[in-house]
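Student: Handing you this structure, nothing more for now.
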Amino acid sequence: MARVAFLGLGVMGFPMAGHLVAAGHEVTVWNRTPAKAEAWAAQHGGRAAATAREAAEGAEFVMTCVGNDDDLRQVCPAPQGAYAGMAAGAVHVDHTTVSAQVTRELADIASKSGIALVDAPVSGGQAGAENGALSVMCGGAAGDFARAELVIAAYARICRLMGPVGAGQLTKMCNQIAIAGLVQGLSESLNFAEKAGLSIADVVEVISQGAAGSWQMQNRYQTMAENRFDFGFAVDWMRKDLAICLSAADENGASLPVTALIDQFYKEVQQMGGGRWDTSSLIARLRK
Ligand code: NAP
C-alpha cells in the first residue's frame, strides 16, 4: 500500500480519491476550494492539506485531476505546488485531459528533481469514476508505469501503457475524436426519428442491436429524447478537448474535418447557454 496525494476533487477526482482509501492506500487530498477537501476528508477519513505542496510532501505518488493546461501549471511547478513538496523517486500521475505538449513540458521540469511523470487521462465519465471502472490510457517510462498501475488499479477497469510521456494524452484525443462525430450522428438519427413520427424508444430498441449500436446510444438516447442535459460530460470540457485534438492534428498532419465541424456545433450549444450541458446536447441544436 502506498502514500498517495490526490489534487483536484472535482466530479472525477472526488470519487477517484475515495477509491484509493477503499483500496487501503494512505491518502492526503488538496483542493483549491478547501470546503471540498474538508467534505472529502469527512466522508472518506483521509487527510486534507492546506496546499498542493503540503499534500505532496512524503507522497510516493501524486495524482492530479484538474481542468486544463494552465491549471496543471498552477498546481505542479508553482512555489506552493506539488513539485516543491515531492521527493526524488516520487511519481506524478496526471489524470487531467491536457495537451501532450504541456505533459512533456512538465515531465522535463519534474525530471530535474528526480520526479517521474505518467500522463494518465481517463474515459468513462462521472459514473466510471464513481464505480471505479475507468479506462486509463498512460504515457511514460515502463518502470514508472508499472509502479503507478498498482495505484491506478483502485479505479480502473483497464489501464494500458500506450508509449512514452504524452502517449496517454494522444490516445485520449483518439477517444474524443471518435465520440464527436458519433454523437452528432446519433443526434441526427434521433431528431430524424422524431420528424418521421417514429417512437425514439422503439427505433433505439431495434437499431441499437445492429451495426448502429454504441455506448452513447445505450446510455444517452432516453435523456436526449427528454431534452435533458443537466448532467454528464460538459460541452465546455469537450470544446477544450477538441481544441487540443485540432491543435495536435495541425502538428501531425491528420485530417479532422468532421471533428472541426462538430467543434463549431458545440460552440453554438455554448451560445444557447449549454456550456455545462452534457455533450449529447448536440440534439438540442437541431431542435432549435
Ligand atoms: P470539475 O468537476 O470542474 O473539477 C475540476 C477540479 O479542478 C476542481 O477540483 C477544481 O478546483 C480544480 N481546478 C481547476 N482549476 C484549478 C486551478 N487553476 N488550480 C487548482 N485547482 C483547479 O472537472 P471534472 O469533471 O472532475 O474534470 C477534471 C478533468 O478530467 C478535466 O480535464 C476533464 O476534461 C477530465 N475528464 C472529465 C470527465 C467527466 O465526465 N467529467 C471525463 C473524462 C475526463 P475547485 O473545486 O476549486 O474549482
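Student: May I ask you to list the residues in segment 227-262 that are assigned to a loop (DSSP other than H, G, I, E, B), under 24 Å from GLY125 (Cβ atoms) and aliphatic (A, V, I, L, M)?
Tutor: Scanning segment 227-262 gives a single hit, LEU256.
Student: OK, next. Being within 13 Å of the ligand (Cβ to nearest atom) and either at positive phi or surrounded by 16 or more Cβ atoms within 10 Å (Cβ to Cβ) (or both) is the filter here, so list the residues in segment 217-228 that pass it.
Tutor: The answer is ARG220, and nothing else.
Student: Here's something else I'd like to know. Would you check which residues across segment 226-242 are at pLDDT 95 or above and in contact with a helix residue (DSSP H, G or I) (Cβ under 6 Å, 6 or more places away or on another chain) and list them?
Tutor: PHE229, VAL235, MET238, ARG239, ASP241, LEU242
Student: Output the residues belonging to segment 182-216 that are among the hydroxyl-bearing types (Ser, Thr, Tyr), in a loop (DSSP other than H, G, I, E, B) and within 25 Å of ASP263 (Cβ to Cβ).
Tutor: Passing the criteria: only SER214.
Student: Please find, within segment 232-283, the residue that is nearest to ALA167 (Cα to Cα) out of those that are buried (at least 20 other Cβ atoms within 10 Å of the Cβ) and away from the ligand (no atom under 15 Å from the Cβ).
Tutor: Across segment 232-283, the extreme among qualifying residues is THR259.
Student: Continuing with the same structure: Just give me the residues in segment 3-60 being in a loop (DSSP other than H, G, I, E, B), within 11 Å of the ligand (Cβ to nearest atom), surrounded by 20 or more Cβ atoms within 10 Å (Cβ to Cβ) and of a type in the set (A, V, I, L, M, F, W, C), in sequence order.
Tutor: LEU9, MET12 - these are the residues of segment 3-60 that are in a loop (DSSP other than H, G, I, E, B), within 11 Å of the ligand (Cβ to nearest atom), surrounded by 20 or more Cβ atoms within 10 Å (Cβ to Cβ) and of a type in the set (A, V, I, L, M, F, W, C).
Student: List every residue pair whose Cβ atoms lie under 7 Å apart, where the two residues are 6 or more positions apart in sequence or sit on different chains, the first residue falls within segment 188-206 and is at negative phi, and the second residue, located anywhere, is part of a helix (DSSP H, G or I) and of a type in the set (Gly, Ala, Ser).
Tutor: So the pair list comes out as LEU190/ALA225; ILE200/ALA193; ILE200/ALA225; VAL203/ALA193.
Student: Okay, next question. Quick one: how many residues across segment 10-49 are aliphatic (A, V, I, L, M) and without any contact (Cβ under 8 Å) to a residue 40 or more places away in the chain?
Tutor: 9
Student: A further question follows. Could you grab me the full set of residues in segment 86-100 that are without any contact (Cβ under 8 Å) to a residue 60 or more places away in the chain and out of contact with any Gly (no Cβ under 7 Å at 6 or more places or on another chain)?
Tutor: The answer is MET86, ALA87, ALA90, VAL91, HIS92, VAL93, ASP94.
Student: Give me the residue from segment 164-176 that is assigned to a helix (DSSP H, G or I) and of a type in the set (A, V, I, L, M) and, out of that set, surrounded by the fewest Cβ atoms within 10 Å (Cβ to Cβ).
Tutor: Only one residue tops the list, namely ALA167.
Student: A further question follows. Can you tell me which of (1) over 30 Å from LEU246 (Cα atoms); (2) surrounded by fewer than 17 Cβ atoms within 10 Å (Cβ to Cβ) is the one GLN101 doesn't meet?
Tutor: Exception for GLN101: condition (1).
Student: Next question, about the same structure. Evaluate segment 62-72: report whether one residue or more is farther than 30 Å from ASP250 by Cα, within 11 Å of the ligand (Cβ to nearest atom) and not aromatic (Phe, Trp, Tyr).
Tutor: Among the residues of segment 62-72, not one is farther than 30 Å from ASP250 by Cα, within 11 Å of the ligand (Cβ to nearest atom) and not aromatic (Phe, Trp, Tyr), which makes the answer no.
Student: Something else now. Please work out which one of (1) assigned to a helix (DSSP H, G or I); (2) in contact with a Phe, Trp or Tyr (Cβ under 8 Å, 6 or more places away or on another chain); (3) among the aliphatic types (A, V, I, L, M) is the condition ILE179 fails and give its number.
Tutor: (2)
The values are calculated or read from the model by the stated rules, or taken from the named source; none is laboratory data. Since the structure is predicted, the reported quantities are computational estimates derived from the model, not experimental observations. No Cβ is skipped: glycine too gets one built from the backbone with ideal geometry, and neighbour counts run over all protein chains shown.
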